[in-house]
Amino acid sequence: MAHFVAHGSLRLDAVVPAEMNAEAIGFLGRGVPGVPYGSAVADAYPEGSFARRLLDIPAVAGALRSLVGPDPRVDHHAVHVREPREGAAQPLHGDAIIDVRTDAFDVQLMYYPQDVTLDMGGTLSVPGSHLRRTNETDTGRYQNLLGQSRLVCPAGTVVFLHHGLWHGGRRNDSDAVRYMFKIRFNPTVRQRRLWDTSALGDPRVAEELSTTFPWYEPATGRLEIYNRVLLWRSLTGDESFDLEHWVTRVSNRPQERVA
Amino acid sequence: MTTRQQVLVLYLATSALDSPVVGWSVYDGTGRTSPTTGDSDEPPYKSGVDALRDGWRLFQAAQLIPPYPGSEYDVSFLKHEFFFEKLVDAG
């Protein structure tokens, strides 16, 4: 979870079996009918359907439960197709309207049924951008950021993104059609200690949460860490957690009068 | 001779023009290239001054705007944006 809070994403390589990937390539090109916003998973995806089997893969189910908890709602889903040599990339963006929640987040599941090579224009994402308050494609002016992630992955890879993460489909310069199936989930429970928290006291948690990225300006990068501490406090309920004493220091407003 | 503008946008680590590049975009008015989102992991220059040394002309730098009261800890767009141009013979 500390990795997700720092990076804004969680990647599970090749967790979907080959036969399901082959099945997906067959139908994703024809599109998947939409479901009403806020559908329960069981209503949106009947037992036996492809999406339901995808969500029932233990690694996928475990990650989803850890991030948004049991019984999330399906916000929406979409099939994204990048055509061969299509000449254009998506602008860098965050999905939906600006979403400034600090004590809750949606996750976007992104499933890649085929091997994705660099020239197939895999999804671009910007690690650590999820807490930035920018609206949709207003970040479209940015083409490249130092330390960006240009997805190259084996077939059957699933990536979970925090709803705020900057991302976009890169230009497909190959001769192959590239598919991606996306589902956005809304939590229905408070996102507090939903994962295996037995390692909360491990020093690697603070180390992970202290991660900075090459594209951060040094000054703003400190604010990123500050905001990450607030999110970690919200996720754990531990109001004493801090990094470098930053949140503790700037919220220190003693009320006791000198005797 | 037909002249066209090439535009380079550099995002720097601090407000100083000689600080390191952390982000970049290129727009080519000649139509000879089509730079786009996510097309390179390597910045074209190490710093803004390196771009000047290569002949790019700076024409705009981001203003330094203090945070609005109550928004001091908000993070948003990259702050240190510098626009450069080159005028190129398009034939």
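For region B:62-76, which residues satisfy the criterion of being among the hydrophobic types (A, V, I, L, M, F, W, C) and either more than 14 Å from the chain's Cα centre (by Cα) or not in a loop (DSSP other than H, G, I, E, B) (or both)? Even if it seems obvious, please write down each step before you answer.
Taking region B:62-76 as the starting set, the residues that turn out to be among the hydrophobic types (A, V, I, L, M, F, W, C) are B:62, B:64-65, B:75.
Answer for region B:62-76, where residues must be among the hydrophobic types (A, V, I, L, M, F, W, C) and either more than 14 Å from the chain's Cα centre (by Cα) or not in a loop (DSSP other than H, G, I, E, B) (or both): B:Leu64, B:Ile65, B:Val75.
So A:Ala96 fits all but one of (1) in contact (Cβ under 8 Å) with a residue 24 or more places away in the chain; (2) in a loop (DSSP other than H, G, I, E, B); (3) open to solvent by 50 Å² or more (accessible area, probe 1.4 Å); (4) within 14 Å of chain B (Cβ to nearest Cβ); what number is the exception?
Failing condition for A:Ala96: (4).
All but one of (1) within 13 Å of chain A (Cβ to nearest Cβ); (2) open to solvent by 30 Å² or more (accessible area, probe 1.4 Å); (3) in a strand (DSSP E or B) hold for B:Phe59; which doesn't?
Of (1) within 13 Å of chain A (Cβ to nearest Cβ); (2) open to solvent by 30 Å² or more (accessible area, probe 1.4 Å); (3) in a strand (DSSP E or B), only one is false for B:Phe59: (1).
Considering each of A:Thr157, A:Thr134, A:Thr123, A:Thr139 in turn, give the residue that is surrounded by 17 or more Cβ atoms within 10 Å (Cβ to Cβ), hydroxyl-bearing (Ser, Thr, Tyr) and more than 14 Å from chain B (Cβ to nearest Cβ).
Working: A:Thr134 fails: more than 14 Å from chain B (Cβ to nearest Cβ); A:Thr123 fails: more than 14 Å from chain B (Cβ to nearest Cβ); A:Thr139 fails: more than 14 Å from chain B (Cβ to nearest Cβ).
None of the other options fit; the residue is A:Thr157.
Identify all residues within region A:17-52 that are open to solvent by less than 40 Å² (accessible area, probe 1.4 Å) and among the aromatic types (Phe, Trp, Tyr); write none if there are none.
If the condition is that a residue be open to solvent by less than 40 Å² (accessible area, probe 1.4 Å) and among the aromatic types (Phe, Trp, Tyr), then A:Tyr45, A:Phe50 are the ones that fit.
So A:Arg171 clears everything in (1) away from every other protein chain (no Cβ under 14 Å); (2) over 18 Å from the mean Cα position of the chain (by Cα); (3) more than 25 Å from A:Glu19 (Cβ to Cβ) except one condition, right? Which one?
(1)
Only one residue in A:Glu208, A:Glu224 is within 23 Å of A:Ser149 (Cβ to Cβ), more than 14 Å from chain B (Cβ to nearest Cβ) and not basic (Lys, Arg), so which one is that? Even if it seems obvious, please write down each step before you answer.
Numbers: A:Glu224 fails: more than 14 Å from chain B (Cβ to nearest Cβ).
A:Glu208 is the lone residue from the list that is within 23 Å of A:Ser149 (Cβ to Cβ), more than 14 Å from chain B (Cβ to nearest Cβ) and not basic (Lys, Arg).
Being under 19 Å from the mean Cα position of the chain (by Cα), in contact (Cβ under 8 Å) with a residue 12 or more places away in the chain and in a helix (DSSP H, G or I), is that true of even one residue in region A:189-208?
Yes, there is a match, as at least one residue in region A:189-208 is under 19 Å from the mean Cα position of the chain (by Cα), in contact (Cβ under 8 Å) with a residue 12 or more places away in the chain and in a helix (DSSP H, G or I).
Where in region A:102-171 are there strands (runs of 3 or more DSSP E), lying fully within it, with 2 or more residues that are farther than 26 Å from A:Pro84 by Cβ? Before you say what the answer is, go through the steps one by one.
Working: elements: A:107-112, A:123-125, A:157-162, A:167-169.
The qualifying strands (runs of 3 or more DSSP E) are A:157-162.
Taking region A:144-154 only, how many residues are in contact (Cβ under 8 Å) with a residue 24 or more places away in the chain and facing chain B (nearest Cβ under 7 Å)?
So the answer is 4.
Could you tell me whether region B:10-22 includes any residue that is within 7 Å of chain A (Cβ to nearest Cβ) and farther than 30 Å from A:Asp173 by Cα?
Scanning region B:10-22 turns up at least one residue that is within 7 Å of chain A (Cβ to nearest Cβ) and farther than 30 Å from A:Asp173 by Cα.
The values are calculated or read from the model by the stated rules, or taken from the named source; none is laboratory data. These figures come from a predicted structure and were not determined experimentally. All Cβ positions, glycine included, derive from the backbone under ideal geometry; neighbour counts span all protein chains shown. We work out accessible area using only protein heavy atoms, side chains counted, and drop any ligands, DNA or RNA first. Shrake-Rupley method; radii C 1.70, N 1.55, O 1.52, S 1.80 Å.
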